[in-house]
């Protein structure tokens, strides 16, 4: 079952609500306010909205400048343009300068669909993880986004939000609370645990249900914040099940798989396999087709779980 609202609509709802009490919140767009639905913020707070045109690096610079004046800028664009295109400005003008800026990158991974390889970010969380002090989060559904947005606004520093733009599969109930810095265990497993983020969470739950029918106990851990990773939750899953599969809508090199294996190798060495993009560029297609091309279907998760369990023996 899908959420009733698109994630971009929920994102703007949250901004509008936060802006009522925090007059320092401002929104900066690179000419995509209609795509991201922040045009409603512009209508409500025209003096706190800035459209800088298709100039993402300049957008980051303006956000950094506004931050020095005590503002809390939320800036957004399609994920490759919000990260890769203006990376040095983010690194130096925001992070190195210790500014308080929130960056929203939309249409992550295969959700870019027919916009194709130039707009399909398989590397955004990987490169943002490299920035010292940057918090990297991928909300799972609308209920989680609503809970995390006030925490993100209150956090002093750089936050990168990887945002699915359309309707997501509903995983959580309305009103649930999520800690920005803690993972959420959705199911415990004795044989294997799937560590998943974003669109892969609902697929991991479906895979776990299928494996259960085959007598395999599979857990699911939703690590929605990739950095700082909830190492305690990851290591607990490793100890409980003795094998992990990481499912991500991202390049497995540098992404969630890398974050998990870094933690596991240092704290509780167990076999780890991944489901995600394997060192490839994006291409044009709809999500069902792209899921098949990049091996990100439920069947791919179940197969990886069986393979990693075999590695324990």
| said: Give the average over all directions of the projected area of the C-alpha convex hull of region 7-163, one decimal, in nm². | reply: 8.0 nm²
| remark: With the 8 Å Cα cutoff and a minimum separation of six or more residues, the chain has a relative contact order in percent of 17 percent
| note | Candidates 154, 259, 204; GNM for the chain (alpha-carbon contacts under 10 Å) flags as most fluctuating 154
| Stretch gain in nm, segment residue 176-residue 287, where the contour uses 0.36 nm per residue and the Cα spacing is subtracted | 37.1 nm
| For region 59-143, what is the convex hull (Cα atoms) projected area averaged across all directions, in square nanometres? | 5.8 nm²
| note | Put in order of increasing Cβ neighbours within 10 Å, starting from the fewest, 213, 306 give 213, 306
| For region 217-288 versus region 92-112, the gap between their alpha-carbon centres in whole angstrom | 21 Å
| note | Quarter of the surface of the C-alpha convex hull for the chain, i.e. direction-averaged projected area in nm², equals 14.8 nm²
| query | Just 160, 45, 11 to compare: in a GNM of the chain, with alpha carbon springs under 10 Å, which one fluctuates most? | reply | 45
| task | Return the percentage of antiparallel bridges among DSSP beta bridges fully within the chain, rounded to the nearest 5 %. | result | 15 percent
| Looking at region 184-310, what % of the alpha carbon pairs are farther apart than 23 Å? | 23 percent
| request: Compare 267, 254, 215 in a GNM of the chain, Cα atoms joined below 10 Å, and give the one with the largest fluctuation. | output: 215
| request: Take the Cα coordinates of region 273-313, assign each an equal point scatterer, and use the Debye formula without solvent to give log10 I(q)/I(0) at q = 0.34 Å⁻¹. | output: -1.15
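Quick note: the coordinates plus some simple rules give every number you see, no bench work behind them. Only a predicted model underlies this, so the values are computations on that prediction, with no experimental measurement involved. Glycine also receives a Cβ, built like all others from the backbone with ideal geometry; neighbour counts cover every protein chain displayed.
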